[in-house]
């Protein structure tokens with residue numbers, strides 16, 4: 001279940017399935033990513049608030065250079081540059097990390113047994129590249145995570161109601177899960193796909209238990225008063241973020 005809290009009076013979104021992990025999704029109020037000059041002072045203040053909330057230095061609030069790949073890396077203390085990386089695993093309690101979204105699907109994955117966590121950026125390209133399940137596999141291969149013990153939260157993103165795609169995107173996405181039924185619809189000749197649902201099914205195919213996956217009900221288009229939408233806001237550079245700290 002998703003619920004709202006606040007940092008310094010600004011709204012953040014959390015998931016009850018991730019109890020034990022410091023995490024949240026920022027909203028329009030708590031934005032920490034922009035290229036728009038009028039938002040830059042707000043972003044800087046919000047970053048300071050988040051670092052104070054976590055008790056860390058600003059240099060230890062890190063994020064990768066997202067380029068819609070399915071590349072997954074591991075955060076390292078003292079390193080803040082992760083080029084062409086759309087999934088980042090956190091194994092230390094010094095850093096906090098965040099990835100940025102505006103319609104694409106955020107996936108937070110938490111291993112409470114080994115106390116490690118990750119964030120994956122699953123737009124249609126990342127989803128087609130199965131980045132969420134690749135993150136699970138990397139956690140399994142390198143840190144001996146048991147997929148059945150993982151807790152996952154799929155955050156605010158463009159939802160089934162609003163996400164129409166072309167045939168090429170549909171075809172690519174349809175090949176990423178064992179069963180694609182219920183994950184697409186044809187409406188008035190247009191193809192709609194359930195990007196959150198596809199990521200959920202990929203996680204299940206990777207061995208995560210369905211009851212350990214929390215899917216956010218908010219659509220970035222329909223709930224544009226809370227979150228940013230690239231489609232609805234004419235390619236805005238503002239982003240909401242998925243933030244974690246061990």
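The values are calculated or read from the model by the stated rules, or taken from the named source; none is laboratory data. As the structure is a prediction and not an experimental result, all values here were calculated from the model. No Cβ is skipped: glycine too gets one built from the backbone with ideal geometry, and neighbour counts run over all protein chains shown.
Restricted to segment 184-207, and to residues that are assigned to a strand (DSSP E or B) and in contact (Cβ under 8 Å) with a residue 24 or more places away in the chain, which residue is farthest from the chain's Cα centre (by Cα)?
190
Determine, yes or no, whether residue 232 is under 21 Å from residue 100 (Cβ atoms), part of a helix (DSSP H, G or I) and modelled with pLDDT of 95 or more.
When the stated conditions are applied, residue 232 does not pass them.
With respect to residue 172, is the statement that it is touching a residue at least 24 places away in the same chain (Cβ under 8 Å), in a helix (DSSP H, G or I), surrounded by fewer than 23 Cβ atoms within 10 Å (Cβ to Cβ) and in contact with a helix residue (DSSP H, G or I) (Cβ under 8 Å, 6 or more places away or on another chain) true?
So residue 172 fits the description; yes.
Could you grab me the full set of residues in segment 9-44 that are surrounded by 14 or more Cβ atoms within 10 Å (Cβ to Cβ) and over 15 Å from the mean Cα position of the chain (by Cα)?
Across segment 9-44, the qualifying residues are 10, 11, 28, 29, 30, 34, 39, 42, 43.
Just for segment 123-134: of the residues that are within 19 Å of residue 156 (Cβ to Cβ) and touching a strand residue (DSSP E or B) at 6+ places or on another chain (Cβ under 6 Å), which one is surrounded by the fewest Cβ atoms within 10 Å (Cβ to Cβ)?
Here the answer is 131.
Exactly one of these conditions fails for residue 65: (1) surrounded by fewer than 22 Cβ atoms within 10 Å (Cβ to Cβ); (2) on the phi > 0 side of the Ramachandran plot. Give me its number.
In the conditions (1) surrounded by fewer than 22 Cβ atoms within 10 Å (Cβ to Cβ); (2) on the phi > 0 side of the Ramachandran plot, residue 65 misses (2) alone.
In segment 87-122, which residues are over 20 Å from residue 15 (Cβ atoms) and either in contact with a helix residue (DSSP H, G or I) (Cβ under 8 Å, 6 or more places away or on another chain) or crowded, with 24+ Cβ neighbours inside 10 Å (or both)?
Across segment 87-122, the qualifying residues are 91, 94, 95.
Among the numbered criteria (1) surrounded by 18 or more Cβ atoms within 10 Å (Cβ to Cβ); (2) out of contact with any helix residue (DSSP H, G or I) (no Cβ under 9 Å at 6 or more places or on another chain), which single criterion is violated by residue 158?
(2)
Taking only segment 218-228 into account, find how many residues are within 14 Å of the chain's Cα centre (by Cα) and in a loop (DSSP other than H, G, I, E, B).
Of the residues in that region, 4 qualify.
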